[in-house]
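Novice: Sharing a structure with you now.
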Amino acid sequence: MKVDVILGLQWGDEGKGKIVDVFSPRYDVIARFQGGPNAGHTIEFDGKKFVLHTIPSGIFHKNSMNVIGNGVIIDPVILFREIDKLREAGMNPADNLLIANRAHLILPTHRLLDAVYESAKKDAKIGSTLKGIGPTYTDKYARNGIRVGNICYPGFRKMYESLKVLHMQIINSYGSDTGSFTLDNLPFDEYEALWFESIEKMKELKVVDAEVFINKSLAEGRSVLAEGAQGTMLDVDFGSYPFVTSSSTVAAGVCTGLGVSPHNIGRVFGIFKAYCTRVGSGPFPTELINETGNRLREGGREFGSTTGRPRRCGWLDLPALKYSIMLNGVDSLIMMKADVMNPFEKLSVCTSYRESGKLLNSYPFELSSEGLEPLYTEMEGWNTSLDARNSIADLPLPLKNYIKFIEDFVELPIDTVSIGPDRLETLQRG
Ligand code: GDP
Ligand code: IMO
Ligand code: MG
């Protein structure tokens, strides 16, 4: 068996959580391979709504094992808030959850560092979720990090204190007033106490060599689905740097984030919204800072699942989508939130860019350059409800034309179309 992958092709929030949940019954194992609680993956069914940050979105299916891979970074406080919410809903997520012992821990001081670095950037802020993502991955690569497997060491507290001292030195060098720091509205000391309580509770979870579990599962014929977080345009190498996250969000990240060989990557499913959104700062060529953008935001309820921030909205950017497809070797496309465009009589799709008067043939190095102008093709909207549609063949003609236009441009099939947030509002070909 090989690992199939579901990942975002835009700036995150494409609807990965919903689709992983829909696809989960077909897989034995669902595994997150990168990112941390900067992610917010929404799943809706039976009138209930859950937002997951660290736990894979397969958790609602009792028959699937969910793995938090070595490439993920974990804040134990946030992990247990998620676990507690699932328990309140009558589930026992610990039963089908495995945590990689090689996954790194987000310390409370990583979150302080995130805030200090962001604040020092003044006008050039990334718009980070302030969950400590950048500083934790920095420590991982600087070889200072603490891993989940370390929590049982007698010297764990000492490891923590040494790293905290280092962090405080950096924070002090920025002249920050540490006395005023809060985390999720808690004074630092309280958050730190909660963090240690959560570490104790973590010892009761199944902490394993996740890479061995995944490879053994494949060897024994069990199917594995890797769940991406963020999106390709936020990838640390290929996204709109420096306005990116700090991990490899592309398909290649699955190999290092789960410990699987490139030979063992199977089908890659790429998810995109029928339009574009972005939360946080950074270039966004097709952004609509006008009434149309507001209509997309209101209609699509485009407010961050993790931070509640309003998402910036704009038309679909096909050159960017094509670039993402190339980077990930996508086999099949999943288009989300078609219903959000129901009220529109006309739609626009970006098909190329012009830079300083010249047509660009390739995706630009710097999306933010002054003279970069998106060029649009206007299309007829479907301007009707999709409520009673049960198949892709049953969709209104203008929407079928929209789908065909995208398929022709990127030379890939759109095999799944999502027409609402609920699990059941998903149309799949064949
Ligand atoms: P993720 O981070 O990629 O998992 O996406 P998020 O959960 O952050 O954001 C996607 C949002 O769109 C969530 O609120 C979903 O409930 C919602 N959603 C997913 N698919 C659809 C859809 O087809 N139509 C509508 N209207 N909402 C959707
Ligand atoms: P999911 O998995 C959308 C954005 C932040 C910020 C930048 C860096 O739900 O799609 P970070 O906290 O990683 O240092 O922030 O990346 N960002 C996301 N945007 N969806 C996400 O995750 C995101 N995770 C990070 O807004 O611009
Ligand atoms: Mg999200």
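The values are calculated or read from the model by the stated rules, or taken from the named source; none is laboratory data. Everything numeric here is computed off the predicted structure, so don't read it as measured data. Please note: Cβ atoms are built from the backbone with ideal geometry, for glycine as well, and neighbour counts cover all protein chains shown.
Novice: Looking only at residues that are away from ligand 3 (no atom under 16 Å from the Cβ) and surrounded by fewer than 17 Cβ atoms within 10 Å (Cβ to Cβ) in segment 293-306, which one is nearest to GLY17 (Cα to Cα)?
Specialist: If we take residues in segment 293-306 being away from ligand 3 (no atom under 16 Å from the Cβ) and surrounded by fewer than 17 Cβ atoms within 10 Å (Cβ to Cβ), then GLU298 is nearest to GLY17 (Cα to Cα).
Novice: With more than 16 Å from ligand 1 (Cβ to nearest atom) and farther than 30 Å from LEU98 by Cα as the only criterion, which of ALA124, ALA142 stands out?
Specialist: The match here is ALA124.
Novice: Given the criterion within 28 Å of VAL417 (Cβ to Cβ), part of a loop (DSSP other than H, G, I, E, B) and not charged (D, E, K, R), identify the matching residue among PHE284, PHE269.
Specialist: The match here is PHE284.
Novice: Could you go through segment 59-72 and let me know if any residue there is in a strand (DSSP E or B) and more than 23 Å from GLU211 (Cβ to Cβ).
Specialist: No: segment 59-72 contains no residue that is in a strand (DSSP E or B) and more than 23 Å from GLU211 (Cβ to Cβ).
Novice: Right, next: In this structure, does TYR323 turn out to be under 26 Å from the mean Cα position of the chain (by Cα), within 20 Å of THR277 (Cβ to Cβ) and modelled with pLDDT under 95?
Specialist: Judged against the criteria, TYR323 is not a match.
Novice: Also, I was wondering about something else. Tally up the residues in segment 215-232 that are among the aliphatic types (A, V, I, L, M) and within 16 Å of ligand 3 (Cβ to nearest atom), please.
Specialist: Going through segment 215-232 one residue at a time, the tally reaches 1.
Novice: Follow-up. With respect to SER368, determine if the residue is modelled with pLDDT under 95, of a type in the set (S, T, N, Q) and over 19 Å from CYS276 (Cα atoms). Even if it seems obvious, please write down each step before you answer.
Specialist: Numbers: modelled with pLDDT under 95: yes; of a type in the set (S, T, N, Q): yes; over 19 Å from CYS276 (Cα atoms): no.
No, not satisfied.
Novice: Shifting gears a bit: Of all residues in segment 205-231, how many are within 16 Å of ligand 1 (Cβ to nearest atom) and under 18 Å from PRO262 (Cα atoms)?
Specialist: Residues meeting the conditions: 4.
Novice: Also, I was wondering about something else. Go through VAL51, VAL5 for me and flag whichever is more than 11 Å from ligand 1 (Cβ to nearest atom) and in a strand (DSSP E or B).
Specialist: Testing whether each residue is more than 11 Å from ligand 1 (Cβ to nearest atom) and in a strand (DSSP E or B) leaves just VAL5.
Novice: Continuing with the same structure: So is TYR402 modelled with pLDDT of 95 or more and aromatic (Phe, Trp, Tyr) or not?
Specialist: yes
Novice: Now for a different question. VAL236 is checked against (1) at negative phi; (2) part of a loop (DSSP other than H, G, I, E, B); (3) at pLDDT 95 or above; (4) within 14 Å of ligand 1 (Cβ to nearest atom) and fails just one. What number does that condition carry?
Specialist: Of (1) at negative phi; (2) part of a loop (DSSP other than H, G, I, E, B); (3) at pLDDT 95 or above; (4) within 14 Å of ligand 1 (Cβ to nearest atom), only one is false for VAL236: (4).
Novice: Here is a follow-up. Would segment 196-203 turn up any residue that is under 25 Å from VAL22 (Cβ atoms) and not aromatic (Phe, Trp, Tyr)? Let's see the steps before the verdict.
Specialist: Keep residues of segment 196-203 that are under 25 Å from VAL22 (Cβ atoms), which gives none.
No, segment 196-203 contains no residue that is under 25 Å from VAL22 (Cβ atoms) and not aromatic (Phe, Trp, Tyr).
Novice: Going through segment 23-48 one residue at a time, which ones are within 13 Å of ligand 2 (Cβ to nearest atom) and not in a loop (DSSP other than H, G, I, E, B)? Lay out the reasoning, then the answer.
Specialist: Let us first name the residues in segment 23-48 that are within 13 Å of ligand 2 (Cβ to nearest atom), namely 32-43.
ARG32, GLY35, HIS41, THR42, ILE43 - these are the residues of segment 23-48 that are within 13 Å of ligand 2 (Cβ to nearest atom) and not in a loop (DSSP other than H, G, I, E, B).
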